[in-house]
Amino acid sequence: MPRFDRSQSEFRTLVEELVLKMRAEAMAAYNQGSDDYSMGNRLAYYDMLSFLIDQAEVLDIAVADLKLGDFEPLQLIEQQTSQAEGKRELGAAA
């Protein structure tokens, strides 16, 4: 069997699962706080998720198809205004 003999739906499922995992991890990093480690994680997820959204737009793929239609990566790198706010939700659940 050839190495890349896979159906389009298998690759789509792989990409969807990867995006959902990244989104969940990004939200967890967002809720961890604003120490240097957490900010580094948030910046990394911002970079990757922004890249995914940009590439989807270039390839004319609806961002909603990636389960990112209601997700704004820029929120990941915004400073939290108060620790008293507690955990905040970043985007709606997919």
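Annotation note: Cβ proximity below 6 Å between a residue of segment 1-26 that is under 20 Å from Leu76 (Cα atoms) and a residue that is at pLDDT below 90 and part of a helix (DSSP H, G or I) (sequence gap 6+ or interchain) occurs for Val19/Leu66; Ala26/Leu76.
Let's see how each residue does on (1) at pLDDT 85 or above; (2) outside any loop (DSSP other than H, G, I, E, B); (3) surrounded by fewer than 17 Cβ atoms within 10 Å (Cβ to Cβ):
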{"site": "Ala24", "(1), (2), (3)": "yes, yes, yes"}
{"site": "Met27", "(1), (2), (3)": "yes, yes, no"}
{"site": "Asn31", "(1), (2), (3)": "yes, yes, yes"}
{"site": "Tyr37", "(1), (2), (3)": "yes, yes, yes"}
{"site": "Ala44", "(1), (2), (3)": "yes, yes, yes"}
{"site": "Ile61", "(1), (2), (3)": "yes, no, yes"}
{"site": "Gln80", "(1), (2), (3)": "no, no, yes"}
{"site": "Ala84", "(1), (2), (3)": "no, yes, yes"}
{"site": "Lys87", "(1), (2), (3)": "no, no, yes"}
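The values are calculated or read from the model by the stated rules, or taken from the named source; none is laboratory data. Keep in mind that what you see is a predicted model, and the values were worked out from it rather than measured. Using ideal geometry, Cβ is built from the backbone for each residue, glycine included, and neighbour counts are taken over all protein chains shown.
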